[in-house]
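Student: Please find one structure pasted underneath; my questions will follow.
Where a number appears in this text, it was derived from the coordinates with a stated rule and is not lab data. Source: prediction; values computed, not measured. Heads up, the Cβs are rebuilt from the backbone with ideal geometry, glycines too, and the neighbour counts pull from every protein chain shown.
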């Protein structure tokens, strides 16, 4: 079935590298995709006070390192009438393990792609994907912070500028990801890059631990 990214990209999805399209094109009823690899992670010192508070919500974290083992699991499903995809990333820093969850939703009513970050969707962001020479490039748009059951807009100085590039390299038969998160006040918040291989894994039904408790409250259009 068509995945949330293919709905957002439209005809441009045909220009993705076939392996990238395979990764991001999963829909409800498809097997999950599971990647294993290593990541280099760096952050900005001005962002550290905020990063130390994020691990409790399975969002960002203060640890950095090179060749950090990680696993990324992506699974698609339907919830509350919306097509959704959960991406769960786990990182092994030796004595410390971190997790970063996101739920990507196709808002069919307003034809927009939304990303809910961390457990409980602490932060929501519009996603603006595009294709460049077979590479999936994902930028961010408007952002909101969750306050109870509502989402309140984040003013420009407090929002983050995000870009993630995901490609497949035929020479090493690996996926390559490169991401940067910046803020007008704090500068660089996070920069990461790494490689991984991928395999399919049956998940039927999708475990409830991968799903948000509800998707009835979306940010205003």
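Student: What percent does the relative contact order of the range 37-134 come to when contacts are Cα pairs within less than 8 Å and at least six residues apart?
Tutor: Values: 180 pairs, mean separation 19.9, N = 98.
After rounding, I find 20 percent.
Student: Would you mind getting the Kirkwood hydrodynamic radius of the chain from its Cα pairs, rounded to one decimal in Å?
Tutor: Hydrodynamic radius (Kirkwood, Cα only) of the chain equals 17.7 Å.
Student: Normalised by the empirical 2.2 N^0.38 Å for globular proteins, what value does the Cα Rg of the range 51-112 take?
Tutor: 1.38
Student: Starting from the Cα-Cα distance between residue 71 and residue 178, subtract it from 0.36 nm times their residue separation and give me the gain in nm to one decimal.
Tutor: Numbers: separation 107, 0.36 × 107 = 38.52 nm, distance 1.54 nm.
Difference between extended and current length: 37.0 nm.
Student: Using a 7 Å offset from the Cα along the Cα-to-Cβ direction at both residue 2 and residue 80, what is the distance between the two label points in nm, to one decimal?
Tutor: Label at residue 2, label at residue 80, 2.3 nm between them.
Student: A follow-up question, please. Could you tell me, in Å, what Rg and Dmax come out for the Cα atoms of the range 70-197?
Tutor: So, for the range 70-197, Rg and Dmax equal 15.5, 48 Å respectively.
Student: Take the chain, connect every pair of alpha-carbon atoms lying under 10 Å apart with a spring to form a Gaussian network, then pick out the residue of 65, 193, 141 with the largest mean-square fluctuation.
Tutor: 65
Student: In the Gaussian network model of the chain, springs joining C-alpha atoms below 10 Å, which of 175, 52, 77 carries the largest mean-square fluctuation?
Tutor: 52
Student: Right, something else. How far, in nm, would the chain grow between residue 130 and residue 208 when pulled straight, counting 0.36 nm per residue and subtracting the alpha carbon separation?
Tutor: Taking residue 130 through residue 208 to full extension adds about 25.0 nm, to one decimal.
Student: Using per-residue counts of other Cβ atoms within 10 Å, averaged over each peptide, order 132-138, 79-85 from highest down.
Tutor: On the way: 132-138: 15.9, 79-85: 17.9.
In descending order of packing, they fall as 79-85, 132-138.
Student: So what is the calculated 222 nm ellipticity per residue for the chain, using -39500 (n - 2.57) for each DSSP H run with n of 4 or more, over all residues, to the nearest 500 deg cm²/dmol?
Tutor: Computed mean residue ellipticity for the chain: -1500 deg cm²/dmol.
Student: Still on this model: As an exercise, use a Förster radius of 45 Å and the Cβ-Cβ distance of residue 109 and residue 195 to find the FRET efficiency, rounded to the nearest 0.05.
Tutor: On the way: r = 37 Å, r/R0 = 0.83.
Once rounded, the FRET efficiency stands at 0.75.
Student: With an 8 Å cut-off on Cα pairs and a minimum separation of 6 or more residues, tell me the relative contact order of the range 4-205 in percent.
Tutor: After rounding, I find 23 percent.
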